[in-house]
Amino acid sequence: MGKTKHKKFKIERPKPTGLVSVKEAENDLEREQPLPNNGMIQSLLEKLNAPSEEERECSCSTIANLVSQPSAVKLLLQHNIVKILAPVMLDVNPDIRVKALGALRNLSVDGGEMVCREMVRKDVLTPLVTLLKQYECNWVPDTPTGKNKKCLKSSIFCEAIHLLWNLCECCEEALEIFNRENLFPIVCAGLQHSVYGNEIAVTVANCLYTITEDNAPIIKMCHNPEVFQLINSLILKESCSSDLVLLKTLATGIMVNIHSGCGSLGGNVITSLLKSVSDVLMLDAMDAAPKLVGEDCSSQNGDNAMVTEGEREGKSHTVDVGLEEMQEEFRDVQNILTAQQIALEIVANICCTDDEGWEDLGNSESSSCDEETVEQEEEEAMEQETIDLFSSLRVSSEVQQAVKGFCVFEKVCSKCSSVDCSGLPKNVTKSFVNLQAHALLCMNNMVNSVEVDWLGGTEKLHQVWSSLASLLANIDESCRDEMLLEATTSAMGAVIQKLSSAETPKLSVSDIQFLFTLGRSSQLADIKVNILRIIATVGVVFSKQDGLPNADILKNIGIFLLTIVCGEKDLWVVSEALDCVFDVFGEDHLDAIDQEINLTNRLSKFVPEMKSRVNQIKKKPDEHYPVISTAKTNLIRFVKYKLSKKK
């Protein structure tokens, strides 16, 4: 009850330009777009159908830049941008096709899942499918032309695949259309990097990594010997460049999807795939661009990249060359970081326990049942869930052996450490932080599902706990990256839970005090809940010790939990705090501490408020309603039992 299925980790989608912009590389000036208005939007849309090719191309480029502003996306949708812009991807001028696809791709990235669904509803896929079907499986790139020496046919295909990828990831209907229109052979052919180049191969691999997930018809096609051999050859290929590292990792992810989809993720397959991702995790992204972190770069503050507008006017040629070189280095760094994020996704998902059997038990809306009947049903459902949960806590022995054999856990831990990103552009710094968060979430899955011995033993986990506590304490107070905080606290919760099941965790009072402070100050429900669960786990361990040597810590834990219960606005957080109270203070031998901190009496006074708040959300329950409802029921029982003992 109240459980949610683990989500597979996904990386952020890149923009159509592929590389970082000059402004991003310089990391000092941010171009400000003019605030859009109805007149401006109307003018742009009119130009999309203008007879002048220059006007159509200019309009597409402007829209591609505008969609980074939420207000612009809203206005564009109100003016039916998708219906007007989508047909432009079939323009007779290939330059305009590229720009139109780029604008639509940006719209799908910046607009997010909701906008992607709207794009599909507005039939963006009809012209996109028509465009892709112009590319037969044996199409050949044209000779590169123009000042950028680019093949326009390849650029159009690449942008189309990017757009398709984003839509299929966000919208089930897009995936159904992909299957129905039999686009797989056209897309899959692009994996031939020796024919179509690394950029197309990587884009296609990204798309297929998304499309092959739990997609039975496509997985069946992937078992075609030619397709299977093509994907496998990419996994086995020597990675002599960052592009090939990324391509190899994506191919590994596709292969995991193929085998998982047909239930054939056996020992030999696991060993091969984990060996592949293990090799990727050994790489150091900083080594891909030594100049970025070298002595010259730090002493000059990135001389070639950090040039003022005045300097740029007199040194355009020199700066252009320097920026071009740095962008290539940045691209290598980003490729490796992206490959490692995907490798961590693969490990995390392989080590993710099977939760397919979990059901949503929170939609009981029968008003005809009395409260006692509802409570009984909730209790029975919760007990059944506990049985289901503990029936699948461990992954297979083959996975655990491969994890230990390739030192996967140690490599994941190494990616959890902070990296000195001083002097690097914001987007590169963000990628390092994303990698760190992915590693922490991967650690969480591994610790939850792999036996202690395969992770290096309890001593190793104690070291991991200390490192995580230090990491959490040193996350920059000024920015407090939400993703990193949640990932770190999730990993800490998994580690302390594993240690508590093996032996008494070696914790100090300062560890707990720091968590108290963070739990009170955090504004994010997910982080608060993670911290509550960590503290409760520690409290349960201390409550079972003979003689209660940590009675003072238990008192502080009780006071902290009461503070959350009585002062928190989020009812889910309150419910989780109540669950923690029941876990820690449910046993009779803690009654003295209960009385000393006035625990039961304060909870007794809170019961009417809890009932009232639960009744308010009963008609519109959210995903946490099962947890909230059960907490209310258990609160009444807990208070009733504790008060009965005082009579």
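For the reader, a short list of remarks on this structure follows.
- Scanning the range 202-219 finds no residues that are free of Cβ contacts under 8 Å to residues at least 12 places away in the same chain and under 30 Å from PRO144 (Cα atoms).
- Residue check for ASP622: among the acidic types (Asp, Glu) and within 26 Å of ILE512 (Cβ to Cβ): no
- Some residue of the range 536-552 being closer than 30 Å to PRO621 by Cα and in contact (Cβ under 8 Å) with a residue 24 or more places away in the chain: yes
- Exclusive hit being among the β-branched types (Val, Ile, Thr), open to solvent by 10 Å² or more (accessible area, probe 1.4 Å), modelled with pLDDT of 90 or more and in contact with an Asp or Glu (Cβ under 9 Å, 6 or more places away or on another chain), set VAL82, VAL92: VAL92
- Consider the range 564-574 and keep the residues that are open to solvent by 30 Å² or more (accessible area, probe 1.4 Å) and part of a helix (DSSP H, G or I). The one that is farthest from SER629 (Cα to Cα) is GLY567.
- Tally, over the range 583-595, of residues that are open to solvent by 20 Å² or more (accessible area, probe 1.4 Å) and over 15 Å from VAL529 (Cβ atoms): 7
Every residue, every condition in (1) buried (at least 22 other Cβ atoms within 10 Å of the Cβ); (2) acidic (Asp, Glu); (3) modelled with pLDDT of 85 or more, yes or no:
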site: SER510; (1), (2), (3): no, no, no
site: THR517; (1), (2), (3): no, no, yes
site: GLN523; (1), (2), (3): no, no, yes
site: ALA536; (1), (2), (3): yes, no, yes
site: GLN545; (1), (2), (3): no, no, no
site: GLY558; (1), (2), (3): yes, no, yes
site: LEU562; (1), (2), (3): no, no, yes
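- Restricting LEU230, LEU283, LEU274 to residues that are modelled with pLDDT under 95 and either acidic (Asp, Glu) or open to solvent by 10 Å² or more (accessible area, probe 1.4 Å) (or both) narrows the list to LEU283.
- Any pair with Cβ under 6 angstrom, 6 or more apart, that starts in the range 618-633 at a residue that is closer than 19 Å to VAL529 by Cα and β-branched (Val, Ile, Thr) and ends at one that is open to solvent by 20 Å² or more (accessible area, probe 1.4 Å) and assigned to a loop (DSSP other than H, G, I, E, B): VAL627/GLY2
- Number of the condition not met by ASN445 [criteria: (1) at pLDDT 90 or above; (2) out of contact with any Leu (no Cβ under 9 Å at 6 or more places or on another chain); (3) in a loop (DSSP other than H, G, I, E, B); (4) of a type outside the set (Asp, Glu)]: (3)
- Residue within the range 248-259 that is touching a residue at least 24 places away in the same chain (Cβ under 8 Å), charged (D, E, K, R), open to solvent by 10 Å² or more (accessible area, probe 1.4 Å) and closer than 17 Å to VAL280 by Cβ present: yes
The values are calculated or read from the model by the stated rules, or taken from the named source; none is laboratory data. From a predicted model like this one, the values you see are computed outputs, not experimental measurements. A quick note on method: Cβ atoms are made from the backbone with ideal geometry, for glycine too, and the neighbour counts reach across all protein chains shown. Areas reflect the complete protein model, heavy atoms only, side chains present, ligands, DNA and RNA absent. Shrake-Rupley method; radii C 1.70, N 1.55, O 1.52, S 1.80 Å.
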